[in-house]
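Asker: One structure follows; several queries about it will come next.
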Amino acid sequence: MSTVLIAEIGANHNGSIDTAIDMAWKAHNAGASYIKFQKRDVDLAVPEAQKQVPKDTPWGTMPYVEYRRRLEFGFDEFDQIDSFCKESDISWFASAWDIPSAEFLAQYECDYIKIPSAKITDLPLLDWVATNIPQEKVIISTGMSTMDEIRIAAWTAATILHCNSTYPAPNEELNLLAIRSLKFDFPHHAIGYSGHERGIAPSVAAVALGATMVERHFTLDRAMWGTDQAASLEPTGFARMAKDIRAVEAALGDGVKRVFPSEEAARQKLRG
């Protein structure tokens, strides 16, 4: 089965629906299986202590909560995304940061919904998702989480993504072997990888370790303004990662040692 490749647009569109649609098209052409966004109720998602903290933005200095509102898409924007993706045969879904956002996203009947790393200890959100969304559609990310926290959240989901929540994450802290640990501890779940590192090598290696889903942040240009841009892949980088992952999938084989037809001539020549 081919690895599911997710291009996480998140808030890299900087509040522009035209940019978001352009990103969706280019990520699809770069080999993404799914385009992913994020949805949050800003008043619920932003901690009270952070709401009035001044934030320097391309639109001037404003309270952090106003900056987050400027980035957030509502019905009009998601309806445009949904229509464009249907017309273009592109699959999309989003992360839900709170119950109202999960309710909002459920209306679109996407293949998946994701609970981000920051929210896998949000028990009311987990309960709502478990009650209203089929388990096979639910993905959880596990950045900054202990195994005990993951076990509590895992019952809501069918797919668990190993993750380091630093943006960008240093290679020495990616701990890719945790993919094997998750596969051992959760044998009935699909295990994947959500990468925030620079470059593509760790994401390709994750597939060799057994990841069946790989998510990477996506941008048109890492020089664009925004906190996630530096940990994102541009279209050419995403396409290169997709090509390398497909090559690794072909190379992994089935693990059964055998003599392949291409070896027969050499076998006859060298062994007689």
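The values are calculated or read from the model by the stated rules, or taken from the named source; none is laboratory data. Model, not experiment: these values are computed from the prediction. Positions of Cβ are generated from backbone atoms using ideal geometry, with glycine treated the same way; all protein chains shown enter the neighbour counts.
Asker: What are the pairs, 6+ residues apart or on separate chains, where a residue within the range 76-92 that is under 16 Å from A106 (Cα atoms) has its Cβ under 6 Å from a residue that is of a type outside the set (K, R) and crowded, with 19+ Cβ neighbours inside 10 Å?
Answerer: If the second residue must be of a type outside the set (K, R) and crowded, with 19+ Cβ neighbours inside 10 Å, the pairs left are S91/Y34; W92/I35; W92/C85.
Asker: Still on this structure, please answer the following. Mind listing whichever residues of the range 35-63 are farther than 19 Å from S101 by Cα and of a type in the set (F, W, Y)?
Answerer: W59
Asker: Let me ask you something else. Search the range 127-160 for residues being under 14 Å from the mean Cα position of the chain (by Cα) and β-branched (V, I, T), and hand back the single one that is farthest from F184 (Cα to Cα).
Answerer: V138
Asker: Still on this structure, I have one more. Please state which of the following conditions F73 fails to meet, knowing it meets all the rest: (1) closer than 19 Å to I21 by Cα; (2) in contact with a Gly (Cβ under 6 Å, 6 or more places away or on another chain).
Answerer: Answer for F73: the failing condition is (2).
Asker: Give the range 226-238 a look and list any residue that's at pLDDT 95 or above and surrounded by fewer than 18 Cβ atoms within 10 Å (Cβ to Cβ), or say none.
Answerer: Scanning the range 226-238 gives a single hit, T236.
Asker: Tell me, please, whether a residue that is surrounded by fewer than 17 Cβ atoms within 10 Å (Cβ to Cβ), within 17 Å of the chain's Cα centre (by Cα), part of a loop (DSSP other than H, G, I, E, B) and charged (D, E, K, R) can be found in the range 103-126. Quick ask: steps written out before the conclusion?
Answerer: Filtering the range 103-126 for residues surrounded by fewer than 17 Cβ atoms within 10 Å (Cβ to Cβ) gives 103, 106-109, 111, 118, 121, 123-124.
Then drop every residue that is not within 17 Å of the chain's Cα centre (by Cα), which leaves 111, 118.
If we keep only those that are part of a loop (DSSP other than H, G, I, E, B) as well, we get 111.
Adding the requirement that they be charged (D, E, K, R) leaves 111.
Scanning the range 103-126, I find at least one residue that is surrounded by fewer than 17 Cβ atoms within 10 Å (Cβ to Cβ), within 17 Å of the chain's Cα centre (by Cα), part of a loop (DSSP other than H, G, I, E, B) and charged (D, E, K, R), so the answer is yes.
Asker: Restricting to the range 179-201, name every residue that is surrounded by fewer than 19 Cβ atoms within 10 Å (Cβ to Cβ), in a helix (DSSP H, G or I) and within 17 Å of the chain's Cα centre (by Cα).
Answerer: The answer is A201, and nothing else.
Asker: Exactly one condition in (1) more than 17 Å from S16 (Cβ to Cβ); (2) within 22 Å of the chain's Cα centre (by Cα) is not met by R68; state its number.
Answerer: (1) is the only condition that R68 fails.
Asker: Anything in the range 32-69 that is touching a strand residue (DSSP E or B) at 6+ places or on another chain (Cβ under 6 Å) and either on the phi > 0 side of the Ramachandran plot or exposed (fewer than 14 other Cβ atoms within 10 Å of the Cβ) (or both)? List them, or say none.
Answerer: Within the range 32-69, Q52, P54, T61 meet the criteria.
Asker: Are any residues in the range 1-20 of a type in the set (V, I, T) and under 19 Å from R216 (Cβ atoms), and if so, which ones?
Answerer: The answer is T3, V4, I6, I9, T19.
Asker: For the range 127-151, how many residues are among the β-branched types (V, I, T), exposed (fewer than 15 other Cβ atoms within 10 Å of the Cβ) and closer than 27 Å to A169 by Cα? Lay out the reasoning, then the answer.
Answerer: Applying the first criterion (among the β-branched types (V, I, T)) to the range 127-151 yields 129, 131, 133, 138-140, 142, 146, 150.
Adding the requirement that they be exposed (fewer than 15 other Cβ atoms within 10 Å of the Cβ) leaves 131, 146.
Adding the requirement that they be closer than 27 Å to A169 by Cα leaves 146.
Residues meeting the conditions: 1.
Asker: While we're looking at this one, here's another question. For the range 253-263, does any single residue satisfy the condition of being closer than 26 Å to L71 by Cα and in a loop (DSSP other than H, G, I, E, B)? Before you say what the answer is, go through the steps one by one.
Answerer: We begin by selecting, within the range 253-263, every residue closer than 26 Å to L71 by Cα; these are none.
The answer is no, given that none of the residues of the range 253-263 is closer than 26 Å to L71 by Cα and in a loop (DSSP other than H, G, I, E, B).
Asker: Name the residues in the range 83-102 that are over 18 Å from the mean Cα position of the chain (by Cα) and either part of a helix (DSSP H, G or I) or modelled with pLDDT under 95 (or both), would you?
Answerer: S83, F84, K86, E87, S88, I99, P100
Asker: Just to check your reading of the model, which residue among A211, A223, A206 is surrounded by 15 or more Cβ atoms within 10 Å (Cβ to Cβ) and in a loop (DSSP other than H, G, I, E, B)?
Answerer: After ruling out the rest, the residue left standing is A211.
Asker: Considering only the range 127-149, how many residues are farther than 23 Å from H196 by Cα, among the aliphatic types (A, V, I, L, M) and in a helix (DSSP H, G or I)?
Answerer: Here the count works out to 2.
Asker: Which ones in the range 226-252 are closer than 28 Å to T19 by Cβ and either in a loop (DSSP other than H, G, I, E, B) or among the acidic types (D, E) (or both)?
Answerer: G226, T227, D228, S232, E234, D244
Asker: Still on this structure, I have one more. Of all the residues that make up the range 3-38, how many are among the charged types (D, E, K, R) and either in contact with a Pro (Cβ under 9 Å, 6 or more places away or on another chain) or part of a helix (DSSP H, G or I) (or both)?
Answerer: 3
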